[in-house]
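Below is one structure; the comments refer to it alone.
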Amino acid sequence: MITWKQSLPGFEWLIHQVWYLEIGDNDTIETQPYLIPNPRAHLLITPHEQAYAYRASDELFSSNGSHLLSISDKLLLLEDHPPLKRIGITFKPHTANLLNGNESLQLNQCVWSIALEELFPISFRTSLLKLNSKQDITQAIKAHFDSLNIVPPRNKPFVLVDKAIQLVESQHIVEVEELANACACSRRTLERAFKQQVGLSIKSYLQMMRLEQMVLDLHSTEKEVDWADFSQQYGFSDQSHLIRTLKQLVNKTPSGYLKKRDLTIDIYGDFED
């Protein structure tokens, strides 16, 4: 298995990170991972014949080839089978719509629109998939985005949401009122801008970000967890509140996850830089 991820210099406002996953014929996927609710859309560039399948409790998203997985508020089972190769571009929560002709992307969708085909034609995808080194792939992606001349919008809702997301990512703010105060705006203004730019409520976004950080912390721990301290650290009133929330969001208890470790925060899975 070959994996890596990194930011894309000059496009940090647009792209959360680019990443790579390759699993060979002789590799095994011991546990099919669950992708937790995710506030970021992912562009996946894959060989045309490569199948994909994301299974939610009530529906299945499956086809083959490159696709955009939109923001998802559902727990998705990734049904992967070797061999496979993915080059991924994960966008900021408020920027994927810029690549879709400024048409709002629906939640929980796998799409490949006409706008995406025009921006990322088969000639680009084919040449990119022939590259192997991290440097060559990231340079090719950067050169392609340079050629697209995408610039940050200057409208007030986008600028406000961009500021809010930067604050959440850098300061781990989890309360709506605190975030609105940090952005020097009313809660209603922030909620309206967020719904318009992201398609999620600000409350849902903050809940997803908190869940992501919790899963990262639990995944990296090798010692026994003090659940009372952990609950307090993430703003839960008590351990029971933590358990109820995790059960609701990912259908798992904290201790159940520690036994299986089958949650992932991204399509490429959990791995080190």
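Values quoted throughout were computed directly from the atomic coordinates according to the rules given, and no laboratory measurement underlies them. From a predicted model like this one, the values you see are computed outputs, not experimental measurements. Counting neighbours? That spans all protein chains shown, and the Cβs are built from the backbone with ideal geometry, glycine included.
For the stretch 53-183, what is Rg from Cα atoms divided by 2.2 N^0.38 Å, rounded to two decimals?
Ratio of Cα Rg to 2.2 N^0.38 Å: 1.23.
Among 199, 88, 101, whose mean-square fluctuation peaks in a Gaussian network model of the chain (Cα, cutoff 10 Å)?
Result: 101 has the largest fluctuation of those listed.
In the stretch 145-225, what trypsin sites (Lys or Arg not before Pro) fall in a loop by DSSP, with at most 11 other Cβ atoms inside 10 Å?
154, 223
Taking the Cβ-Cβ separation of residue 109 and residue 227 as r and a Förster radius of 51 Å, what is the calculated FRET efficiency to the nearest 0.05?
0.90
Filter the DSSP H helices in the chain by two things, a Kyte-Doolittle mean of at least 1.6 and an axial alpha-carbon span of 18 angstrom or more, and list the hits by number.
Taking the DSSP H segments of the chain (at least 18 Å long, mean hydropathy at least 1.6), we get none.
Quick check on the chain: helices-only [θ] at 222 nm, where DSSP H runs of length 4 and up contribute -39,500 (n - 2.57) each and the sum goes over total residues. Nearest 500, please.
-12000 deg cm²/dmol
Compute the FRET efficiency between residue 133 and residue 167 as 1/(1 + (r/R0)^6), taking r as their Cβ-Cβ distance and R0 = 22 Å, and round to the nearest 0.05.
E(calc), rounded to 0.05, equals 0.05.
Using the count of nearby Cβ atoms within 10 Å as a rough guide to exposure, how do 73, 238 rank from fewest to most?
238, 73
Between the stretch 137-209 and the stretch 11-68, what's the alpha-carbon centroid distance in Å?
If we compute the Cα centre of each part, the gap is 23 Å.
Show which lysines lie in cross-link reach of residue 195 when reach means a straight Cα distance below 19 angstrom and same-chain residues fewer than eight apart are skipped.
74, 92, 156, 163, 203
Which residues does a label at residue 148 reach in the stretch 9-27, if reach means a backbone N under 14 Å from a point 7 Å past the Cα toward the Cβ?
Residues 9-19 qualify, since their backbone N sits under 14 Å from the label point.
What is the antiparallel percent of DSSP beta bridges lying wholly in the chain, to the nearest 5?
Bridges in the chain are about 95 percent antiparallel.
GluC sites (Glu not before Pro), restricted to the stretch 1-79: which are DSSP loop and have at most 11 other Cβ atoms within 10 Å?
Sparse-neighbourhood loop GluC sites (Glu not before Pro): 30, 49, 59.
Taking the beta-carbon count within 10 Å as an exposure proxy, list 241, 42 from fewest neighbours to most.
Ordered from fewest to most neighbouring Cβ atoms within 10 Å, 241, 42 come out as 241, 42.
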